[in-house]
Every structure is written in structure tokens, then in C-alpha cells.
Amino acid sequence: MTRYVLVFVLLGSTMWGQAANPTSTQTPERPNPPAMGGPAGNAPAAGNQPDMSKFPPDTPVLTINGLCDNPPADKSDTSDCKTVVTRDQFEKLIGAIQPLMPPRARRQFATRYADALVKAQRAHALGLDHGEQYELHMQLMRVQVLAQALNQHIQEEASQISDADIADYYKQNAAEYQEIDLQRIFVPFTQTLPPSKVKLSEAAEQKRSKAAESAMKTEANTLHKRAVAGESFRKLQAEAFALAGVKSKAPTTTMEKTRVSGLPPSQVSVMDLKNGEVSAVFADQSGYFIYKAGEKNTLPLADVKEEIRGTLRTKRMQEDMQAVQRSGKTTLNDAYFGPEGPGGMMRPPMPTASQPAPAAGPK
């Protein structure tokens, strides 16, 4: 069965992705097995999957009668010609493709895998595993498999994060794990004006819009002074929406505990406020923001340990991948490929079995 191992490579990632996704909309090559209780009565019902751990490693889980390395010359005698895949062999395949593949998807994968093995034997008998096209496919799939293997290796290496690594990152980035109670006033950028009773020129409409924007900017500065003087944020928020002509209910001014990651970059200085202090007026395209600080605390390491682990893993993966990418510099012949189009270069997928490489041109 050595040659059939190549089936795993030749089919590419497309089939495995479909097998791992029970909701795939691709039409199957054969009807689905009947549900439990139907004529066949051997398809497990959803939510009633078998416990795979109770089967010994050498338990046959997939048998294909009539498929073997040396089929008998007499086609009627196939009793000893069969391929058997044990639980251990099958689960090693799954582990190489998608270790967390759910039970129902494994059944679909097994069906497709068996079908592919049968087709591979027929292709071999026809001599389709020779020639330039075959070698090109193998070359491309080898590149793809190695690239995927590198990705997996980088992920595994990046996941080797010790408790000491986490503690060091926590100490060096303590500000990221501070939480602060905030109140906030949002002042819309402009007013919602009623339609003019007379038709206005374009210049008049622009003047009217600028006046509305100026009124809200003035209002934001006025509300800021009143907030500093200690007036209720809820009351000030209601007045801001009333002047803006917003008919919907004014938003609550009390925010959930906020960290620096939950603030726009231009507003992170809010984290430096002392309890009871009011911020300056922050402006962006949507409007104006005024904050009032409450109590501040730092989350304990135990509460953010897994978050830091994920942050470090992502950071290391990005650094390692960038290092790999920097190790090779690609230059394309624009005279041959044409100039790069708008939006950057599109990256077509690597060819797979269902997406063959183009035939070589005449020599």
C-alpha cells in the first residue's frame, strides 16, 4: 500500500476541508446513508456518536474489499484482496489533517478517503502516476505540504510559553491590565436639522451645515466646563442629544470597566486621570467625547494569564513568520506578468488535485 500513501498528498486540502465541515454544500458523489432506523440502520444519529476510545488501536475501522497491492489475476477471487485501515492508522491520518475533527466529520472523511484510494489504484493501473503532469503535481503538492508543515512547526514552537514568560510580560506591560471606571458624554458632530421651508442654494446649505457643526462644537466645550464644575453627566448627555436634534434616547453615561485596549488610540490618556478628574474634549469624525474617571485597579496575573499566553503566542508567530518571509526576496518580471493592479497583488491558491496545474507550453 505504499503508493496509496500518496493519495493523502494528491487530494490536497480541498477534500479534507470538506470532510471536516459537515455543513459543506457540495453534492456528494453517492447518496448519504439512511438515518438510524432506515433500511440500512447503520448510520449513527446526530448527538449519538460512538465512544472511539473503547476500540483497541488495531481495530479495523475501514475495510475495502478488492483493493490490494497485488490483485489476483482471477477477478472472481478477491477474498484475500482487501485493504484494512485500523483505528491507530486512521487516527494518525486525522492527526495530520485536523486533530480536532468531530466524529461525524470523520465518517465523511473515511468515505472520501476510501473512494480516493480506489480511484488511486485505478489511476495507477492506467499509468497515470508517470509523466510530466504527474511530476508537476507532485512538485507543487510537496511545496504546499512543506509550507503547511512549517506553519504548524512555527505554531507549535510559538506555543511553548512558560509561566516565567507570562509573568515577565505582565510586569513589563502592567498598564495594559489596568481597569478604570468611566463616565462618558458623547456630543454629536453636527445637528439634525429640519428641512428648510424655502429652497436654499448650495452655498446657503453649506453655510447652514457649518453653523450646525459650530453649534455642537461650542456645546461640547460648554458641557465640558459644566462637567468639570461637577454637574451630572446624565443630565449633560441628555442636553447634548436634545441640541443635536437626536430623537432617540440618550445613551447611558456609565461605561463598563475599561482597559487601554478598549479606547481609541487618541483617547488612551484617559487612563492617566485620577479618581474624579474630567478629561479634555476629544474629537473625531463622529463627534466629541468627555470622560470622568472613577476607581482604577490592576487585574491580577491569574485573571489575565491565558490572555497573555495568547498574546505571546501570536506575537511570536508573527515574528517567526516575518523572519521567514524576509529570508527570501521575490522579484517579478513586470514585462512578463504585467504591472501590479490596484489594491496590491492577488495571490491565487496553490493548485490541488481539483485545480490542476496548467499544461506546459510547446517547446
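The values are calculated or read from the model by the stated rules, or taken from the named source; none is laboratory data. Everything quoted here is computed from the prediction, not taken from an experiment. Reconstructed Cβ throughout: ideal geometry from the backbone, glycine too, with neighbour counts over all protein chains shown.
For the reader, a short list of remarks on this structure follows.
- Test: residue in the range 167-176 that is under 30 Å from Arg234 (Cβ atoms) and not in a helix (DSSP H, G or I): no
- Taken together, Thr258, Thr314 contain a single residue that is surrounded by 14 or more Cβ atoms within 10 Å (Cβ to Cβ), modelled with pLDDT of 95 or more and under 29 Å from the mean Cα position of the chain (by Cα), which is Thr258.
- Test: Lys329 is at pLDDT below 90, loosely packed, with under 10 Cβ neighbours inside 10 Å and either of a type in the set (Val, Ile, Thr) or part of a loop (DSSP other than H, G, I, E, B) (or both): no
- Selected residue (only one of Gln139, Gln191, Gln148 is over 30 Å from Ser286 (Cβ atoms) and at pLDDT below 95): Gln148
- The combined condition, being within 22 Å of Asn275 (Cα to Cα), touching a residue at least 12 places away in the same chain (Cβ under 8 Å) and either assigned to a helix (DSSP H, G or I) or of a type in the set (D, E, K, R) (or both), is fulfilled by Arg234.
- Against the conditions (1) within 30 Å of Lys296 (Cα to Cα); (2) touching a residue at least 24 places away in the same chain (Cβ under 8 Å), Lys171 satisfies every one except (2).
- Scanning the range 252-266 for residues that are free of Cβ contacts under 8 Å to residues at least 40 places away in the same chain and in contact with a helix residue (DSSP H, G or I) (Cβ under 7 Å, 6 or more places away or on another chain) turns up at least one hit.
Okay, residues lined up against (1) of a type in the set (S, T, N, Q); (2) under 26 Å from Thr222 (Cα atoms); (3) modelled with pLDDT of 95 or more:
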| site | (1), (2), (3) |
| --- | --- |
| Ile290 | no, yes, yes |
| Val304 | no, no, yes |
| Glu319 | no, no, yes |
| Val324 | no, no, yes |
| Asp334 | no, no, no |
| Gly338 | no, no, no |
| Gly343 | no, no, no |
| Met350 | no, no, no |
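- Unique match (being assigned to a loop (DSSP other than H, G, I, E, B), modelled with pLDDT of 85 or more and surrounded by fewer than 11 Cβ atoms within 10 Å (Cβ to Cβ)) among Pro56, Pro50: Pro56
- Test for Lys225: is it in a loop (DSSP other than H, G, I, E, B) and either assigned by TED's automatic domain parsing to the domain that holds Ser214 or surrounded by 14 or more Cβ atoms within 10 Å (Cβ to Cβ) (or both): no
- Among the residues making up the range 239-255, those that are surrounded by fewer than 18 Cβ atoms within 10 Å (Cβ to Cβ), among the aliphatic types (A, V, I, L, M) and part of a loop (DSSP other than H, G, I, E, B) are Val246, Met255.
- Pairs are defined by a Cβ separation below 7 Å, a sequence spacing of at least 6 or placement on different chains, a first member in the range 189-216 that is part of a loop (DSSP other than H, G, I, E, B), and a second member that is among the basic types (Lys, Arg) and at pLDDT 85 or above; the pairs so defined are Leu193/Arg208; Leu200/Arg208.
- Selected residue (criterion: modelled with the highest pLDDT) from residues of the range 59-74 that are within 18 Å of Lys119 (Cβ to Cβ) and loosely packed, with under 13 Cβ neighbours inside 10 Å: Thr63
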